[in-house]
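Since the structure comes first, as structure tokens, the remarks are kept for the end.
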Amino acid sequence: MIDGRKLKELREQADLTTTQLAEDVGVSQSMISHMERGFKAPSLEVVVRIASRLGVTVDELIHSDPGANKQGTA
């Protein structure tokens, strides 16, 4: 599953809107929005296209920052 928070962070760092990224990778704007919110899982082909467009590896998109979810854990 793609890490939606990471996708949004990388998209914003690339100074792209959801519409721009969607057009660049050949999906709908709502699909990008749904991926960022964790409602939809894209195909591997789409993940590869997104990673390529954002200049990152597929691994960076599908794995969360290991320390990100540890805050507040007892």
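The values are calculated or read from the model by the stated rules, or taken from the named source; none is laboratory data. None of these values were measured; they are calculated from a predicted model. Cβ coordinates were reconstructed from backbone atoms using ideal geometry, including for glycine residues, and neighbour counts include every protein chain displayed.
Miscellaneous remarks
- Residues satisfying the stated conditions in region 46-63, i.e. in a helix (DSSP H, G or I) and either in contact with a strand residue (DSSP E or B) (Cβ under 9 Å, 6 or more places away or on another chain) or touching a residue at least 40 places away in the same chain (Cβ under 8 Å) (or both): 47, 50, 54, 60, 61, 62
- Residues located in region 1-31, provided they are touching a residue at least 24 places away in the same chain (Cβ under 8 Å), of a type outside the set (Asp, Glu) and buried (at least 18 other Cβ atoms within 10 Å of the Cβ): 2, 4, 6, 7, 10, 11, 21, 25
- Test: residue in region 51-64 that is more than 13 Å from the chain's Cα centre (by Cα) and modelled with pLDDT of 95 or more: no
- Boolean, residue 15 is modelled with pLDDT under 95 and of a type outside the set (A, V, I, L, M): no
- Single residue of region 1-45 satisfying the filter (over 10 Å from the mean Cα position of the chain (by Cα) and of a type in the set (Ser, Thr, Tyr)) that is nearest to residue 59 (Cα to Cα): 43
- Residue match in region 34-41 (condition: surrounded by fewer than 18 Cβ atoms within 10 Å (Cβ to Cβ), of a type in the set (A, V, I, L, M), at pLDDT below 95 and in a loop (DSSP other than H, G, I, E, B)): yes
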